[in-house]
Amino acid sequence: MPRKVTSFDVARLAGVSQPTVSRALRNLPGTSPGTRERVLEAARELAYVTSDRGRSLSMRSTQRIAIVSEELTNPYYPELVEPLRRELAHRGYRTVLVADHADGNPVGLDALTDGSYDGVILTTTRRRSPLPRDLTERGVPHVLANRLLDQPEASCCGIDNAAGARQVSDLLAALGHERIGVIQGPVDTSTGKERAEGLAAGLRGRGIGVRRELTRQAPYTHDAGRAAAHELLRLGRPPTAIVCGNDVVALGVLSAARERGISVPVDLTVIGFDDIPMAGWPLVALTTVHCDLQALARMTVELLMDRLENPDRAPVERRIRPSLVLRGTHAAVRGDGRVPPPAAVS
């Protein structure tokens with residue numbers, strides 16, 4: 001009895017990897033037309049037939065979804081993970097949280113592809129992360145929440161960061177600010193890149209330039225925002241407003257302003273992004289860009305359910321439009337356009 005032809009035989013004849021064969025035969029993104037044709041030609045030559053048994057085993061349901069998230073010390077992530085959990089529970093799925101450490105030690109691929117999960121939601125993916133491609137090659141359904149890739153590999157749902165940043169630029173222009181400090185988030189994330197580019201474009205449209213000496217990049221943490229703010233506020237001509245990559249960074253800016261004896265918003269306007277719950281606390285009252293995480297979670301789960309039912313469908317992108325929330329950390333620029341000298345800082 002002749003030996004049954006396998007996908008490894010096709011891969012050997014086509015000169016590609018077995019995951020590439022799987023991706024090409026399923027017409028998934030990430031395979032060039034030439035490679036796909038070479039795989040198809042090899043499959044025809046070997047009379048290769050896809051194993052229905054293998055397909056049925058790969059589609060065995062566990063009713064569990066993995067959510068890849070940073071450690072929950074960042075208050076943004078619990079606010080995103082919880083509505084994701086509720087949406088999944090509503091559809092009969094249990095949620096498993098998989099930590100993706102922010103210290104450069106990413107989640108291991110094997111932890112997501114050992115058959116423990118029906119699908120994966122990625123919330124911390126960097127713009128050029130190989131993880132989505134790896135999941136595709138392993139046949140694991142997945143979507144991205146709050147993040148996008150430079151080259152689309154999977155369906156994703158994110159905030160319209162550029163639109164939110166433009167609203168911030170409109171507010172600052174209306175308040176008369178021209179020396180505007182910017183503490184950008186990491187540029188290797190879609191959120192950091194889009195918010196920075198959207199703000200710069202919006203300000204240029206208002207005739208206001210983003211000055212290099214008033215721009216800093218920082219992780220999305222309180223301490224990083226505080227340190228960057230101290231750098232900006234000790235300049236000979238400090239900014240009259242500081243726009244932050246997210247609310248946690250903005251909290252760090254507020255801490256630095258208080259330490260330097262600078263009044264917010266009389267002498268310094270501070271604007272965040274995300275509208276985490278503590279941004280609305282009366283003690284903080286942060287002016288920020290509100291992102292509807294309930295809508296983001298709902299749409300993300302809908303995309304994942306579609307991916308589970310239609311694994312060969314091309315990736316799609318969805319955006320949630322944000323809105324500006326005016327609270328107590330913005331004001332018109334002072335007549336002299338200057339921040340007063342700082343108090344002593346220990």
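Is one or more of the residues making up the stretch 153-166 among the hydrophobic types (A, V, I, L, M, F, W, C), more than 15 Å from the chain's Cα centre (by Cα) and under 17 Å from L268 (Cα atoms)? No, the conditions are met nowhere in the stretch 153-166. Of the strands (runs of 3 or more DSSP E) lying entirely inside the stretch 96-193, those carrying at least 2 residues that are among the β-branched types (V, I, T) are 119-122, 180-184. Please work out if H142 is modelled with pLDDT of 85 or more, crowded, with 19+ Cβ neighbours inside 10 Å and under 22 Å from L293 (Cβ atoms). Here the answer is yes, as H142 does meet what is asked.
Of all residues being of a type in the set (G, A, S) and at pLDDT 95 or above in the stretch 312-346, which is farthest from V120 (Cα to Cα)? Just the residue, please. It comes out as A332.
Of everything in the stretch 306-334, what is among the aliphatic types (A, V, I, L, M) and within 23 Å of the chain's Cα centre (by Cα)? Give them in sequence order.
Looking only at the stretch 306-334, we keep the residues that are among the aliphatic types (A, V, I, L, M), and these are 308, 314, 316, 320, 324-326, 331-333.
Hits for the stretch 306-334 are L308, A314, V316, I320, L324, V325.
Would you check which residues across the stretch 8-54 are β-branched (V, I, T) and at pLDDT below 70 and list them?
First, pick out the residues of the stretch 8-54 that are β-branched (V, I, T): 10, 16, 20-21, 31, 35, 39, 49-50.
V49, T50, listed by residue number.
Is the stretch 241-248 home to any residue that is out of contact with any strand residue (DSSP E or B) (no Cβ under 6 Å at 6 or more places or on another chain) and within 28 Å of R126 (Cα to Cα)? Scanning the stretch 241-248, I find at least one residue that is out of contact with any strand residue (DSSP E or B) (no Cβ under 6 Å at 6 or more places or on another chain) and within 28 Å of R126 (Cα to Cα), so the answer is yes. The combined condition, being at pLDDT below 95 and either outside the structural domain of R86 (by TED's automatic domain parsing) or surrounded by fewer than 24 Cβ atoms within 10 Å (Cβ to Cβ) (or both), is fulfilled by G185. Within the stretch 199-220, residues that are within 21 Å of N246 (Cα to Cα) reach partners that are basic (K, R) with beta carbons closer than 8 Å, at six or more positions or on different chains, in the pairs L199/R166; A201/R166; G202/R166; V210/R204; R211/R179; L214/R179. Taken as a whole, the condition of being of a type outside the set (V, I, T), within 19 Å of E309 (Cα to Cα) and either out of contact with any helix residue (DSSP H, G or I) (no Cβ under 7 Å at 6 or more places or on another chain) or surrounded by fewer than 21 Cβ atoms within 10 Å (Cβ to Cβ) (or both) applies to L135.
Among the listed residues V253, V248, V168, which satisfies the condition of being in contact (Cβ under 8 Å) with a residue 40 or more places away in the chain and either among the basic types (K, R) or in contact with a Cys (Cβ under 8 Å, 6 or more places away or on another chain) (or both)? It would help to see each step written out before you state the result.
On the way: V248 fails: either among the basic types (K, R) or in contact with a Cys (Cβ under 8 Å, 6 or more places away or on another chain) (or both); V168 fails: either among the basic types (K, R) or in contact with a Cys (Cβ under 8 Å, 6 or more places away or on another chain) (or both).
One residue alone meets the criteria, V253.
What are the residues in the stretch 119-140 that are within 22 Å of S7 (Cβ to Cβ) and either acidic (D, E) or in contact (Cβ under 8 Å) with a residue 40 or more places away in the chain (or both), if any? Outline the logic, then answer.
First, pick out the residues of the stretch 119-140 that are within 22 Å of S7 (Cβ to Cβ): 130, 132-140.
Correct list: R133, D134, T136, E137, R138, G139.
I'd like to know if the stretch 263-274 contains one or more residues that are without any contact (Cβ under 8 Å) to a residue 60 or more places away in the chain, crowded, with 16+ Cβ neighbours inside 10 Å and part of a strand (DSSP E or B). Within the stretch 263-274, not a single residue is without any contact (Cβ under 8 Å) to a residue 60 or more places away in the chain, crowded, with 16+ Cβ neighbours inside 10 Å and part of a strand (DSSP E or B). Just one of the listed residues (E213, E231, E259, E309) is surrounded by fewer than 21 Cβ atoms within 10 Å (Cβ to Cβ) and modelled with pLDDT under 95, namely E309.
The values are calculated or read from the model by the stated rules, or taken from the named source; none is laboratory data. Worth saying up front: this structure is predicted, and the values here are computed from it rather than measured. FYI the Cβ positions are ideal-geometry reconstructions off the backbone, even for glycines, and counts take in every protein chain you see.
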